[in-house]
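The values are calculated or read from the model by the stated rules, or taken from the named source; none is laboratory data. All of these numbers come straight from a predicted model, not from anything done at the bench. Please note: Cβ atoms are built from the backbone with ideal geometry, for glycine as well, and neighbour counts cover all protein chains shown. The protein model used for the area step is the full one, side chains on, heavy atoms only, and it has no ligands, DNA or RNA in it. Shrake-Rupley method; radii C 1.70, N 1.55, O 1.52, S 1.80 Å.
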Amino acid sequence: MAIEYLKRGKPEVERSEEDAKVRSIVEVALADIGARGDAAVRELSEKFDNHSPPSFRLSPGEVEALMNRVPARDMEDILFAQKQVRNFAQAQRDSMLDIEVETMPGVILGHKNIPVQSVGCYVPGGKFPMVASAHMSVATASVAGVPRIIAATPPFKGEPNAAVIAAMHLGGAHEIYVLGGIQAVGAMALGTETIEPVHMLVGPGNAFVAEAKRQLYGLVGIDLFAGPTETMVIADETVDSELCATDLLGQAEHGFNSPAVLVTNSRRLAEATLMEIDRLLTLLPTSDTASVSWRDYGEVIVCDTYEEMLDVADDVASEHVQVMTDRDDWFLENMTSYGALFLGPRTNVANGDKVIGTNHTLPTKKAGRYTGGLWIGKFLKTHSYQKVTTDEAAAEIGAYCSRLCLLEGFVGHAEQANIRVRRYGGKNVPYGEAAG
């Protein structure tokens, strides 16, 4: 195996040090919110966003006024994107069936898919107003039938972003708050004097938001660990350096810590892409951000074979994986660890981020090894049930249960089965002894 790095990002030890600082800041902030509620939320909002309105929750009149500021074409585009997201979410929901089966005569088992009863949707927007994130979380939760959906987004340039608020409202949010960062997810999960806590938090965010969700997990459910965006391009000589460089930098502009990785079996393409990235960074309006991400987190990896490319890709487990090769479907069939795949040169990650219909809230930091992204199923809880409908079944299953309980030493458990064997099977089973 010959895998060569033409460019590496920051060493792992430096990344770990940054993570430790974030953990400490978040821990202190969440403890403060838990202790002081609204007062702490207001102080954090003033500190981080310079935002302290009379109420963080928008009134129906304020929502309507903001929506009236959205140009007609923008509103049309928002509605088109939400339609795509809703259509795919509904198709996913239709695939999730309640079931009931008779596994033996008189024994009926089943499960029901029940919506989570309250969800807090975080929509990033301090640096870029993430209109699309409202579709991905709020609209998907709405399709799932969640009865209480609250949404929070930071102010953009000192005020609510009209397009984001419109997307939240049209998506189905019941409560909308102009709150950002740790204070938003902390308030939604912990609750304050004015915000009733939710059962689950969803949505992407920066490192502080992702860490806050991690620390709150258990008290509330979360969709997944969706921190700073990551992208990978898997390419061979069927595509050119301009396409590869554009797709890498298109995600690197998200923030200062957005990993972008090229994996290729062509040294020529790798070297040309490095040069093309340098050229594009002189033209890209967001190069002040993208250049830092590329400098600190960009990588170019040259492999000998497609099998090596596959191994590297599964090891990195990137959030977004753009595949542009002569065997895209082979990667679809064989890749096991990623957030979402974007197959072929005609598609791209921005499609998934904004409009095509798949969800853009995806696993980062190798979480793709054990979970997929946000989807309709994350808002549904699959609960099982059982019922025994005949005396014969109660006695038969009870006898097995009794013996298996005593095998483990659980006498009380066994008696739960034995009493039913006595009542429904007519057998005299002494207390504490196995039936049958």
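Not counting ligands, DNA or RNA, and with a 1.4 Å probe, what is residue 229's accessible surface area in Å² rounded to the nearest 10?
Answer for residue 229: close to 10 Å² accessible.
How many Å² of accessible area per residue for the chain, probe 1.4 Å?
Value returned for the chain: 47 Å² of accessible area per residue.
Once phi is turned into ³J(HN,Hα) by the Karplus curve 6.51 cos²θ - 1.76 cosθ + 1.60 with θ = phi - 60°, what whole-Hz value does each residue of the stretch 327-344 show in order, with x for glycine and proline?
Taking θ as phi minus 60°, the curve returns 8, 4, 5, 5, 5, 4, 6, 10, 6, 10, 9, 5, x, 8, 9, 10, 9, x Hz for the stretch 327-344.
Given axes a ≥ b ≥ c from the Cα gyration tensor, I'd like to know whether the stretch 259-316 is rounded (a/c under 1.5), prolate (a/b larger than b/c) or oblate.
Oblate, because a/c is 1.5 or more while a/b does not exceed b/c.
Exactly which GluC sites (Glu not before Pro) in the stretch 1-98 are in a DSSP loop and have at most 13 other Cβ atoms within 10 Å?
none
Could you sort 80-89, 381-390 so that the peptide with the highest average Cβ count within 10 Å comes first and the rest follow in order?
Order by mean packing, descending: 80-89, 381-390.
Rounding to the nearest 20 debye, state how big the charge dipole of the stretch 336-436 is about its Cα centre with +1 on each Lys and Arg Cβ and -1 on each Asp and Glu Cβ.
The dipole of the stretch 336-436 has a size of about 580 debye.
With a/c under 1.5 counting as rounded, go ahead and sort the stretch 54-115 into rounded, prolate or oblate using the C-alpha gyration tensor (a ≥ b ≥ c being the square roots of the eigenvalues; past the cut-off, prolate if a/b is larger than b/c, else oblate).
It is oblate, given that a/c is not under 1.5 and a/b is not larger than b/c.
According to the square roots a ≥ b ≥ c of the eigenvalues of the Cα gyration tensor, what is the shape class of the stretch 171-232, taking rounded for a/c under 1.5, prolate for a/b larger than b/c otherwise, and oblate for the remainder?
prolate
Sequence-distant or interchain residues sharing an amide H contact under 5 Å with residue 299, placed H: which?
Close amide H contacts, sequence-distant or interchain: 260, 261, 262.
Rounded to the nearest 500 deg cm²/dmol, what is the calculated helix-only ellipticity per residue at 222 nm for the chain, with -39500 (n - 2.57) per DSSP H run of length n ≥ 4?
It lands at -14500 deg cm²/dmol.
Hey, any idea what Rg/Rh is for the chain, computing Rh the Kirkwood way over Cα pairs?
1.08
Using θ = phi - 60° and the Karplus curve 6.51 cos²θ - 1.76 cosθ + 1.60, what whole-Hz ³J(HN,Hα) does each residue of the stretch 68-82 get, with Gly and Pro shown as x?
Karplus-based 3J(HN,Hα) across the stretch 68-82 equals 5, 8, 7, x, 4, 5, 5, 5, 4, 5, 4, 5, 4, 4, 5 Hz.
At a Cα cut-off below 15 Å, give the aspartates and glutamates reachable from residue 7, other chains included and same-chain residues fewer than 8 away excluded.
271, 276, 278, 296, 299
Name the residues whose placed amide hydrogens come within less than 5 Å of the amide hydrogen of residue 70, ignoring near sequence neighbours (fewer than 5 apart) on the same chain.
Distant-sequence amide H within range of residue 70: zero hits.
Looking at this model, which pairs from 83/127; 21/381; 112/427; 354/378; 21/83; 112/213 are more than 31 angstrom apart at the alpha-carbon?
In this structure, 21/381; 112/427; 21/83 lie more than 31 Å apart at Cα.
So in the chain, what percent of DSSP beta bridges are antiparallel if you round to the nearest 5?
Beta bridges within the chain, antiparallel portion: roughly 35 percent.
Residue 67 to residue 21: extension gain in nm, 0.36 nm per residue of separation minus the Cα-Cα distance?
Extra length available between residue 67 and residue 21 comes to 12.7 nm.
So for the stretch 95-236, averaging the separation of alpha carbon pairs under 8 Å that are six or more residues apart and normalising by length, what relative contact order in percent results?
Taking the mean separation of contacting Cα pairs over the length of the stretch 95-236, I get 22 percent.
Under 5 Å between amide H atoms, partner at least 5 residues away or on a different chain: which partners does residue 381 have, H built in plane at 1.01 Å?
Hits under the 5 Å cutoff: 114, 116.
Give me a comma-separated list of calculated 3J(HN,Hα) values for the stretch 245-261, in order, Karplus coefficients 6.51, -1.76, 1.60 applied at θ = phi - 60°, integers in Hz, x for any Gly or Pro.
Going residue by residue, I get 5, 4, 5, 5, 6, x, 9, 5, 6, 4, x, 7, 9, 9, x, 9, 10 Hz, with x marking Gly and Pro.
In whole percent, and with a 1.4 Å probe on the protein chains, what portion of the accessible area of the stretch 1-160 is carbon and sulfur?
Its accessible area is 55 percent carbon and sulfur atoms.
Compute the relative contact order of the chain as a whole-number percentage, counting only Cα pairs closer than 8 Å that sit 6 or more residues apart in sequence.
Once divided by the residue count of the chain, the mean separation gives 19 percent.
Could you order 294, 375 so the one with the most accessible surface comes first? Probe is 1.4 Å.
Sorted descending by solvent-accessible area, the residues read 375, 294.
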